[in-house]
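Reviewing the structure listed below.
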Amino acid sequence: MWRGILGGTVADRILNRMGDPDHNGYCDGSAYHGRSKLEMMLGPAIWSEIKDKHVVDFGCGSGSQSLEMLQHGALRVTGVDILDPLLEAARAAAREAGLADRCRFVRDIDEPADVVVSLDGFEHFADPASVLRVMSRFLKPSGRLLLAFGPTWLHPLGGHLFSVFPWAHLVFTERSLMRWRARFRPDGANHFGEVEGGLNQMTIRRFKKLVQESPFSIEAFEAIPIRRLRALANPLTQELLTSFVRCRLAPRIAR
C-alpha cells in the first residue's frame with residue numbers, strides 16, 4: 001500500500017486550505033447525469049449480455065440499475081445489498097415502475113444466476129477476495145461476472161474525496177489526510193478503509209492478482225484510459241492513466 005510522502009505540520013497547513021472534502025466535486029457521479037452508467041462502464045454490449053437472463057445486481061443500492069436492466073431485456077433481476085434502507089427504497093422504486101413482479105431486492109440469494117453485474121465496487125470492498133468468492137457462489141457454472149470499477153488508486157483522482165488535487169492522495173500521508181478530513185467529518189475514521197464507502201487502494205495489478213487467486217479467470221479485460229490523456233496511454237502508463245477497468249470473468253472449471 002502507498003504510504004504518501006508529505007505529512008506533519010507542512011501537510012496540515014496545505015490541506016487546511018482545501019475546505020470540505022465532500023465539496024470538491026470529484027467522483028460525485030455527475031459524469032453519468034442523463035446517461036446510462038451501465039452502458040458507459042460495461043459498454044453497449046451489456047444489453048445483449050443480459051437479454052433474457054437472470055441477473056444479479058451486486059451492490060444494487062436503491063435499484064436504479066436493476067430496473068434499467070429489466071427495461072433493457074433482462075428476464076429477472078435480483079438486487080443484492082447489505083443496507084436495508086437501500087433495499088426498501090429499491091423495492092418501492094420497482095413497485096412504482098411496475099416491475100416488482102420481475103425483481104427482488106435481498107441481502108443474499110438462494111438461486112444462482114446467469115449473470116452477475118458489479119459497478120464501482122472493487123475499489124471499496126474491505127475484503128475483495130472474499131467478495132469474489134461470494135460472487136462465484138451467485139453464478140451458474142456457465143455464468144459470467146461483468147465487472148467495472150474506477151478510478152483505480154493510482155489514477156489522478158484515485159483517492160476520491162482525498163484527491164483535492166491530482167494525485168494528492170499519493171502525496172500526503174494517510175494520517176495527514178485523515179486528520180484533515182476529521183475537521184469536517186468527526187466520525188472517528190482513522191484509515192482510508194474506515195470512511196463511508198471505504199477505499200481499499202485497489203490498483204490494476206492488485207486486482208489482476210486477486211482474480212488470479214479467485215474462483216474466476218479473466219475472459220476479457222480493458223483498461224479504459226482517461227479520455228483527455230488517451231494519446232499517452234500505454235502499458236507503462238496504464239496504472240496512472242486508466243479511468244476505469246472493465247472486464248468479463250468466467251468461473252474456473254474444476255479439474
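Bear in mind these aren't lab numbers, they're just calculated from the coordinates by the rules spelled out. The model shown is predicted, which means the values in this text are computed figures rather than measured ones. Every residue, glycine as well, gets a Cβ built from its backbone with ideal geometry; the counts of neighbours run over all protein chains shown.
Where residues in the stretch 225-255 are small (Gly, Ala, Ser) and in contact with a strand residue (DSSP E or B) (Cβ under 6 Å, 6 or more places away or on another chain), which of them is farthest from Glu39 (Cα to Cα)? Break it down stepwise before answering.
Narrowing the stretch 225-255 to residues small (Gly, Ala, Ser): 231, 233, 243, 250, 254.
Among the residues that remain, those that are also in contact with a strand residue (DSSP E or B) (Cβ under 6 Å, 6 or more places away or on another chain) are: 233, 243, 250.
Details: Ala233: 22, Ser243: 15, Ala250: 20 Å.
Result: Ala233.
Could we say that Gly158 is assigned to a loop (DSSP other than H, G, I, E, B), crowded, with 22+ Cβ neighbours inside 10 Å and of a type outside the set (Ser, Thr, Tyr) here?
Values: assigned to a loop (DSSP other than H, G, I, E, B): yes; crowded, with 22+ Cβ neighbours inside 10 Å: yes; of a type outside the set (Ser, Thr, Tyr): yes.
Spelling it out, Gly158 is indeed assigned to a loop (DSSP other than H, G, I, E, B), crowded, with 22+ Cβ neighbours inside 10 Å and of a type outside the set (Ser, Thr, Tyr).
Where in the stretch 55-149 are there helices (runs of 4 or more DSSP H), lying fully within it, with 2 or more residues that are over 27 Å from Gln212 (Cβ atoms)? Give the steps one after another, and end with the answer.
On the way: elements: 64-71, 84-97, 128-137.
In the stretch 55-149, the matching helices (runs of 4 or more DSSP H) lie at 64-71, 84-97.
Select from the stretch 55-72 the residues that are surrounded by fewer than 18 Cβ atoms within 10 Å (Cβ to Cβ) and out of contact with any helix residue (DSSP H, G or I) (no Cβ under 6 Å at 6 or more places or on another chain) and list them in ascending order.
Ser64, Gln71
Taking only the stretch 178-224 into account, find how many residues are touching a helix residue (DSSP H, G or I) at 6+ places or on another chain (Cβ under 6 Å), without any contact (Cβ under 8 Å) to a residue 24 or more places away in the chain and not in a loop (DSSP other than H, G, I, E, B).
1
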